[in-house]
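Reviewing the structure listed below.
The values are calculated or read from the model by the stated rules, or taken from the named source; none is laboratory data. All values derive from a computational prediction rather than experimental measurement. Cβ: placed from backbone, ideal geometry, glycine included. Neighbour counts: every protein chain shown.
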Amino acid sequence: MRKLPTILIVEDEPAIAELISVNLRHNGFAPIWAEDGDSAQRELDAVLPDMILLDWMLPGQSGLELSRKWRGHPRTRAVPIIMLTARGDEPDKIAGLDAGADDYITKPFSTQEMLARIRAVLRRRAPEHSGESVAIGALSLDPATHRVSHAGQPLKLGPTEFKLLHYLMRNAERVHSRGQLLDKVWGDHVYIEERTVDVHVKRLREALGDAATMVETVRGAGYRLTAQPDASKSIASGA
Ligand code: CA
């Protein structure tokens, strides 16, 4: 039900790419393979992955150049990158991190090390894939089991309301514009009206019952989830 995190592997050696792909697939990820910078760019132009595993030594543009390019571009800026480097290339590793890589893995590497580093980076950069539960006030949400409860009582939410609540809870007390919510919750390459956000916020409040006031409308700015709702405001003021 939950979408598997996609990982774009940019690696020119088919045997290594295949080995990584198999291991990722067996561990709950959806790998995509690109053999050079150009094909990687085509993948990125189509759909953004949750992470890029980027080989340092590639035909054409090097991993370093690609990392710099993708970091400098608004569309790809936020996609985590782990560089694959050869053993002993210490200056390379530092250059890689300077070029915007989140981490590096030295070849040859064990599957366990690779998975540990991928999970750590995803946790840092994209907590929605970490599976960690989150609690704000009496409201708690567990992404692993897809359960939401308030004061111990289970709540029933639709898939979009679940994603919306998860995002608001992970970023509680901050105000999010409708545009930001569309970006973060509905995601890349989805073109829908900002009014859609209001519809789902309304549904979310209905599903939350007693906890509905935790989702506040901030006039002229957007929405916020707070642990201390303003009791003087009624839910209807969100309209
Ligand atoms: Ca290579």
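Taking only the range 2-12 into account, find how many residues are within 13 Å of the ligand (Cβ to nearest atom) and aliphatic (A, V, I, L, M).
So the count comes out to 2.
Residues that are free of Cβ contacts under 8 Å to residues at least 60 places away in the same chain, more than 13 Å from the ligand (Cβ to nearest atom) and under 17 Å from the mean Cα position of the chain (by Cα): list the strands (runs of 3 or more DSSP E) wholly contained in the range 20-93 that include at least 3 such residues.
Hits in the range 20-93: 30-34.
Consider PHE109 carefully, then state whether it is part of a helix (DSSP H, G or I) and of a type in the set (Phe, Trp, Tyr).
no
Does ALA15 satisfy the condition of being part of a helix (DSSP H, G or I) and within 14 Å of the ligand (Cβ to nearest atom)?
yes
Being farther than 18 Å from SER67 by Cα, touching a strand residue (DSSP E or B) at 6+ places or on another chain (Cβ under 7 Å) and not in a loop (DSSP other than H, G, I, E, B) is the filter; apply it to the range 121-136 and report the residue that is modelled with the lowest pLDDT.
Among them, the one singled out is VAL134.
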